[in-house]
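Below is one structure, written out as structure tokens; the observations come after it.
The values are calculated or read from the model by the stated rules, or taken from the named source; none is laboratory data. Nothing here was measured: the structure is a model prediction, and the numbers come from that model. Cβ atoms come from the backbone with ideal geometry, glycine included; neighbour counts cover every protein chain shown. Note: accessible area is taken over every heavy atom of the protein model, side chains too, but ligands, DNA and RNA are not part of it. Shrake-Rupley method; radii C 1.70, N 1.55, O 1.52, S 1.80 Å.
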Amino acid sequence: MPKKTIFTVLILLGMFFVGWGDQLGLPEPVSGASTQARSSINGFFLSFFPERRPKDPNQRTEEAIENLNNPSPNK
């Protein structure tokens, strides 16, 4: 077999193992390894993106109400 074909087959088998290895009824050490590999790969790729913190649309309103209820001594 040419090297390119062997490499392609190995890549596809690796992707299959990571994607569906734990759902195929493989024995526990292999199934756990598949799950752990998928979790590690997911964590690696998610580390490239910052955590998304959605804005609180009511924050300004809540601060205004808090200032009305508890006026600061400077006013």
> Size of the dipole of the chain about the Cα centre, Lys and Arg at +1 and Asp and Glu at -1 on the beta carbon, nothing else charged, in debye to 20?
Replying inline: 420
>> Among 63-72, 48-57, 15-24, how do they line up by average Cβ neighbours within 10 Å per residue, starting with the highest?
In response: 15-24, 63-72, 48-57
> Say each of K4 and Q36 gets a label point 7 Å from the Cα, pointing the same way as Cα to Cβ; how far apart are those two points in nm?
Replying inline: 3.6
>> Restricting to DSSP H runs of at least four residues, report the calculated mean residue ellipticity at 222 nm for the chain, -39500 (n - 2.57) per run over all residues, nearest 500 deg cm²/dmol.
In response: -21000 deg cm²/dmol
> What is segment 1-57 by shape, rounded, prolate or oblate, if you read a ≥ b ≥ c off the alpha carbon gyration tensor as root eigenvalues and call it rounded for a/c under 1.5, prolate for a/b larger than b/c, and oblate otherwise?
Replying inline: oblate
> How much area per residue is accessible in the chain when the probe is 1.4 Å and only protein heavy atoms are counted (Å²)?
Replying inline: 96
> What percentage of the solvent-accessible surface of the chain, computed with a 1.4 Å probe over protein heavy atoms, is contributed by carbon and sulfur atoms?
Replying inline: 63
> What is the Cα centroid distance between segment 43-75 and segment 11-31, reported in whole angstrom?
Replying inline: 43
